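The values are calculated or read from the model by the stated rules, or taken from the named source; none is laboratory data. Keep in mind that this is a model prediction, so the values were computed, not measured. Using ideal geometry, Cβ is built from the backbone for each residue, glycine included, and neighbour counts are taken over all protein chains shown.
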Amino acid sequence: MAITEIDKLVEVMRRLRAPGGCPWDREQTRETLKPMLIEEAYEVLQALDEEDPEELREELGDLLLQIVFHAQIGEERGEFDLQGVIDGIQAKIIRRHPHVFGDVAVADSREVLVNWDRIKREEHAGKNKPRESVLDGISPGLPALYEAYQLGVRAARSGLEWDKAEDILHRLRAELADLENRVPGGEIDAIKDEIGDLLFTIVHLCRFLRLDPETSLKRTNQKFRERFQHVEGRVRQQERSLQDVSRAELEKLWRETGS
């Protein structure tokens, strides 16, 4: 059997983890690798946002290394190896695309998703892990923004969907009015609830408009970073610190950076 590039990568990882390999790599566990997996995933997202193909290639490699790392640990524990991971996802993709690899007919992407959810429910029932709710499987450990997005996606697939964006905007204005009414009273728990409702509705609007709320917020964060750093630069040119500048001056400098 020919040696593939992925085989070579697996062998590199085995060497690193073997006696006489790298002390750092040998010390790693599933727990210690968790933050690295998250970090690498976010760096892939950053490369996507920057539309930098070379950076994306490199970051995808870093993310792949994390998968190979976890597969090697699984092999050492006698649980599974990378080939098992590959075989499993290949079988799953074929099983969940009967309209491509079988004789099921679909009219559009919505029907694809309906079939996908049905097949997933059947798979979990077969593993004695039945899902009673269409929301089962959305991890509460997800970042809140993404969790809200996924909750909306699942609910929409089940028919709980807005008719038009204007309806969501109307709800958004209502949620903002509720928050405005709560703030003067200073009841922290009530304010938290209203802010949560407002954010959740904004996420619904993003999903309805087929926008990624994370990417949208990242764009605004970057604009804020650039404008704030511009203001800092102007203040430094005057040989002053931000603390020495009045609120009015800061607002004037901020307006100069654009909208």
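When the residues of region 30-41 are filtered to those that are touching a residue at least 12 places away in the same chain (Cβ under 8 Å) and charged (D, E, K, R), which remaining residue is nearest to LEU64 (Cα to Cα)?
The qualifying residue nearest to LEU64 (Cα to Cα) is GLU40.
Out of GLU226, GLU232, report the one residue that is among the charged types (D, E, K, R), in contact with a Leu (Cβ under 8 Å, 6 or more places away or on another chain), more than 28 Å from ARG110 (Cβ to Cβ) and in a helix (DSSP H, G or I).
GLU232
Of the conditions (1) over 30 Å from PHE208 (Cβ atoms); (2) surrounded by 14 or more Cβ atoms within 10 Å (Cβ to Cβ); (3) of a type in the set (D, E, K, R), LYS120 fails just one. Which one is it?
Failing condition for LYS120: (1).
When you scan region 123-144, do you find a residue that is surrounded by 15 or more Cβ atoms within 10 Å (Cβ to Cβ) and assigned to a helix (DSSP H, G or I), even just one?
No: zero hits.
Six or more apart or on different chains, Cβ atoms under 7 Å: show the pairs whose first residue is in region 8-29 and closer than 18 Å to GLN83 by Cβ and whose second is among the hydrophobic types (A, V, I, L, M, F, W, C).
Going by the 7 Å Cβ cut-off, the qualifying pairs are LEU9/VAL68; VAL10/VAL68; VAL10/LEU82; MET13/VAL68; MET13/PHE69.
Considering region 11-34 alone, what residues qualify as being more than 29 Å from the chain's Cα centre (by Cα) and among the basic types (Lys, Arg)?
Within region 11-34, ARG14, ARG15, ARG17, ARG26 meet the criteria.
What is the number of the single condition among (1) surrounded by 10 or more Cβ atoms within 10 Å (Cβ to Cβ); (2) more than 22 Å from TYR42 (Cβ to Cβ) that GLN222 does not meet?
Every listed condition holds for GLN222 apart from (2).
Among the residues in region 133-140, are any of a type in the set (A, V, I, L, M, F, W, C) and modelled with pLDDT of 90 or more?
no
Any idea which of (1) exposed (fewer than 13 other Cβ atoms within 10 Å of the Cβ); (2) at pLDDT 95 or above is the one ILE38 doesn't satisfy?
Failing condition for ILE38: (2).
If you take the residues of region 186-196 that are surrounded by fewer than 17 Cβ atoms within 10 Å (Cβ to Cβ) and of a type outside the set (A, V, I, L, M, F, W, C), which of them is nearest to the chain's Cα centre (by Cα)?
GLY196
Please list, ordered by residue number, the helices (runs of 4 or more DSSP H) wholly in region 1-95 having 1 or more residues that are closer than 30 Å to THR215 by Cα.
Of the helices (runs of 4 or more DSSP H) lying wholly inside region 1-95, those with at least 1 residues that are closer than 30 Å to THR215 by Cα span 30-50, 53-76, 82-95.
Out of (1) farther than 30 Å from GLU194 by Cβ; (2) not in a helix (DSSP H, G or I), the odd one out for ASP163 is which?
It fails just one condition, (1).
Here is a list: THR215, THR201. Which entry is surrounded by 12 or more Cβ atoms within 10 Å (Cβ to Cβ), at pLDDT below 90 and either in a loop (DSSP other than H, G, I, E, B) or not charged (D, E, K, R) (or both)?
THR215
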